[in-house]
1. Return a yes/no flag: does the range 39-50 have any residue that is in contact with a helix residue (DSSP H, G or I) (Cβ under 9 Å, 6 or more places away or on another chain) and either closer than 18 Å to Ala82 by Cα or open to solvent by 80 Å² or more (accessible area, probe 1.4 Å) (or both).
2. For the range 91-137, which positions are assigned to a loop (DSSP other than H, G, I, E, B), acidic (Asp, Glu) and without any contact (Cβ under 8 Å) to a residue 40 or more places away in the chain?
3. So which residues in the range 4-27 are open to solvent by 60 Å² or more (accessible area, probe 1.4 Å) and not in a helix (DSSP H, G or I), if there are any at all?
4. I'd like the residue in the range 67-85 that is among the hydrophobic types (A, V, I, L, M, F, W, C) and buried (at least 18 other Cβ atoms within 10 Å of the Cβ) and, out of all such residues, is nearest to Val21 (Cα to Cα).
5. Among the candidates Pro102, Pro92, single out the residue that is out of contact with any strand residue (DSSP E or B) (no Cβ under 6 Å at 6 or more places or on another chain) and open to solvent by less than 30 Å² (accessible area, probe 1.4 Å).
6. Hey, does the range 120-138 have a residue that's among the hydroxyl-bearing types (Ser, Thr, Tyr) and modelled with pLDDT of 90 or more?
Amino acid sequence: GGGLGSLPCAMLNVEQIRQQVEQFRAAVHGPINLNFFCHTPPQPDPERDAKWRAHLAPYYAEFGIDLNAQAPAVNRAPFDEATCALVEELKPEVVSFHFGLPSPELQARVKATGAKIISAATTVEEARWLEARGVDAIIAMGNEAGGHR
């Protein structure tokens, strides 16, 4: 339909990304965007976790939630050497990033594949930061779209 197909890659491993791109390429004759996160994963902090659980304890009790239950692990991996090598292999037409950009070295490698780089900005300051780092397009994202902040 003329749109840009986009594959969210932050929760996929390298093999899953490769398989899904192969499926896309077999079914669609158009460009694809591979979307990655560029964040610093939070470090476990049991003391901090204990404080917020204690603060929310009345709500846990009110709704019958086990205060000691562990939240399911969600692994949203940031863009790294392995995913950059995969981008070099797959040569998508577009690569997009949220929560910043990869290192200048990784970004240059993505650009060398011929891919256009786009990224989301949630503030004017962030848009200027992205522009200064040479992205090809900026997605202006407000709270209505989830904010990604």
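1. no
2. Matches in the range 91-137: Asp136 only.
3. The answer is Leu4, Ser6, Pro8, Met11, Asn13.
4. Here the answer is Cys84.
5. Going through Pro102, Pro92 in turn, the sole match is Pro102.
6. Checked the range 120-138: no residue is among the hydroxyl-bearing types (Ser, Thr, Tyr) and modelled with pLDDT of 90 or more.
The values are calculated or read from the model by the stated rules, or taken from the named source; none is laboratory data. Quantities reported herein were computed from a predicted structural model and do not represent experimental measurements. Cβ: placed from backbone, ideal geometry, glycine included. Neighbour counts: every protein chain shown. Only protein heavy atoms, including side chains, enter the accessible area calculation; ligands, DNA and RNA are left aside. Shrake-Rupley method; radii C 1.70, N 1.55, O 1.52, S 1.80 Å.
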